[in-house]
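Since every read-out is calculated from the coordinates, none of them should be taken as a lab result. Treat the numbers as computed from the prediction; the structure is a model and nothing was measured. Heads up, the Cβs are rebuilt from the backbone with ideal geometry, glycines too, and the neighbour counts pull from every protein chain shown.
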Amino acid sequence: MYPPKSARKSVVTCGRPVMSEAWIDAVPLLGRALVHFLWQGALIGVAAAVLLAAMRRSRPQARYLVGCIAMLACVLAPIATMMRVSDVAPVGDVVVRAIAARGVDTVSTSPTAMFDALMPWLVAIWAGGAVMFGARTLAGLAWIERLRRHAQCDLHGVWQDRVDALAGRMHLPRGVTLRFVDDLASPITAGWWKPAVLMPAALATRMPVALVEALLAHELAHIRRHDYLVNLLQAVVEALLFYHPVVWWLSRRVRAERELIADALAAEAIGEPRRLAVALSELSELHAAPLPRAALAARGGELMPRIQNLLRPATPAAGGRLAIPVIALVGLGLAVYAQASVAPQGAAPATSTTPIVATAPAARALPAPVAVSGPVLAPAANAQAAADAASASIARDPSPSRDHDIVTRDDEHEIERTVEHAMLAQTDAMKTVASAHVPDLGSLNVGDDAMTFDRNGRRYRVTDPGLIARVNAAWRDTQAIGEQMSALGDRMNQQGEVMNRIGQSMSAEANNPERSQAMADAEIALNKAANEYGRLAAQAALADSDATLAARLQKLQGEMDRQSAIISTQAKLAAAPMADYERRMAEASKPMHELEQQMKPLEQRMRVETAAARRKTDALIDEAMSRGLAQPIETR
């Protein structure tokens, strides 16, 4: 127990320093809130998991809202617990004062007292962990700010103009600054009040312009939604409730849904979802170090689900279905708050630690569906045998027959892998098409009449016909190879479309609503008949002879046979087209493999020729500078 407030300022406990009154008041409140959050957080996590699983085909905005509400409930639950405990605390103080006034020794060895004695250490450990995770967040913010402070502006304004145009299309209320850095492998968003996009300089020169523009649109989507600020609040929750795994799981789900939302907004802005998918696929091949949690990057989240969502968006559920899970989660939060905040009314101070256990009648277990075949036993001579057979059938946990399933879970996974393979093949084809042209030369721009390039931080222009012709000749071989790669890429893209259509047909066949409903109805009817059969068989065991029971048992057996036949028929109907789709997918994969084999030597030649052309071009630029053929261009 804790001493009365009048004596708290002079309290010294064994092995602990003198503590102030405020600290003594806060320790039990905070400690109990932290302990109670263990079960409260688990309850919130279970509810959120059920809702998110039910909403897997809903829009990512809906799942994001559920995740945010669940994290808010995690924050409110400990606060509500502290409010409840603080309301009950004055009663305990009165009891302690009365005992102290009568000179009774307050030292107790009960489990509650021992638990109270550990509270300061529990709170100290929690505070240390919160400080550690908070320091990690602050270090990430400092890293981002340092990058922003040392980043370079777009000297020529070309990329800044693209960012401004994208920002206008995405209806951003204020300007966004683009800065270039050398220590990143992916664009990130920095700042909330004055946002900026930090772009890796190497990425801007190595990746095609159209793909870089798609990544910039993704970062602008984060800025439009104020995700930087929300991400900071999320990091604060992680630091305060670091000890509960549900908080980290919810945080990961919220971040994953946030990336899907930003992808959708970016795809809408550029008008080509597949272009963003190709850009993300390119980023996935960059083996970069992990970013701080405070950074919002285009390569955040799991890239494969994001690419899959862009190439084959899930059909959103009806809008009205969103209200049910959201209301349910809000109700859960209110229930947790009510449980923790409402103090017991009219309750006297507790004088006993004996727990009160509430009991409820056990729910009656429903028997599993059974498949019964063979002749019906006559109740007169074989009543007991019928009861034993039915009981044995009901007692065991029958595994459903392979023939009675339209599509098993393994089949569904195999279909998903087949569709994913088709999408990956199509993505690779689009990457080839995007990069099969003349390689991106960074600041170098060569035309028929002029050439521009950057040197020593300035922009230059060359108009000498002879030198321009020599530069074009240096890149002639790469242009020819690029045309061959582009033609192969177009064929790969077409073949990828064929594979994607087959994969979508396989998914549609596996999720045929009419066939699934027929299967569900048959299984329900079979389960109902099996339960009734078991009940009647048990009655038959008690009867010497009952022709009525025998007739009903025979009728139920006929009904179960009929439902089993329906299930078997539906399974056969599903198996035939699926086998045809698998055969077609295998045939469509062969041309794609052949095209990939043809592309590999062209890619190798392109790398060799590009390096040679780059060396020749650098030498020609040096010659132009030395001969005075390069004229500086004034930039804004």
Report summary line: Going residue by residue through region 33-46, the Karplus relation 6.51 cos²θ - 1.76 cosθ + 1.60 with θ = phi - 60° gives ³J(HN,Hα) values, rounded to whole Hz and with x marking Gly or Pro, of 4, 5, 5, 5, 5, 4, 7, 5, x, 4, 5, 4, x, 4
Report task. Output ³J(HN,Hα) for region 200-207: one whole-Hz value per residue in order, computed from phi by the Karplus curve 6.51 cos²θ - 1.76 cosθ + 1.60 with θ = phi - 60°, and x for Gly and Pro. Result -> x, 5, 5, 5, 5, 9, 8, 9
Report summary line: Assertion target for Phe37, Phe133, ordered by fewest C-beta neighbours within 10 angstrom first, is Phe133, Phe37
Report task. Figure the gain on full extension for Arg501 and Asn472 (residue separation times 0.36 nm, minus the Cα-Cα span) and round it to one decimal in nm. Result -> 6.3 nm
Requested in this report: Taking 7 Å along the Cα-to-C-beta vector as the label spot, tell me the Arg252-Asp183 distance in nanometres, rounded to one decimal.
Outcome: 2.8 nm
Query raised in the report: Which cross-chain or sequence-distant (5 or more) residues have an amide H under 5 Å from the amide H of Ser58, H modelled 1.01 Å from N in plane?
Result: Ala317
Report task. Pick out, in residue order, every one of the trypsin sites (Lys or Arg not before Pro) in region 57-86 that is DSSP loop and has at most 12 other C-beta atoms within 10 Å; say none if there are none. Result -> Arg57
Query - Distance between modelled label sites at Thr569 and Arg584, nm, 7 Å Cα→Cβ extension - result: 2.5 nm
Requested in this report: Give the residues of region 197-221 whose amide nitrogen is closer than 17 Å to a point set 7 Å from the Cα of His150 in the direction of its Cβ.
Outcome: 198-202
Report summary line: Long-range amide H partners of Met199, meaning residues 5 or more apart or on another chain whose placed amide H is closer than 5 Å, are Arg179, Phe180, Val181
Report summary line: If the chain between His171 and Arg56 were fully extended at 0.36 nm per residue, the gain over the current Cα-Cα distance would be 38.5 nm
Query raised in the report: Can you list residues whose amide H is under 5 Å from Arg459's amide H, if they're 5+ apart or on another chain and H is modeled 1.01 Å from N?
Result: Ile633
**Report entry** Under Karplus coefficients 6.51, -1.76 and 1.60, residue-wise ³J(HN,Hα) of region 596-604 in Hz, glycine/proline x
**Finding:** 5, 5, 6, 6, 4, x, 5, 5, 5
Report summary line: Put in order of increasing Cβ neighbours within 10 Å, starting from the fewest, His171, His222, His150 give His171, His150, His222
Query - For Asp448, Asp580, order by how many other beta-carbon atoms lie within 10 Å, fewest first - result: Asp448, Asp580
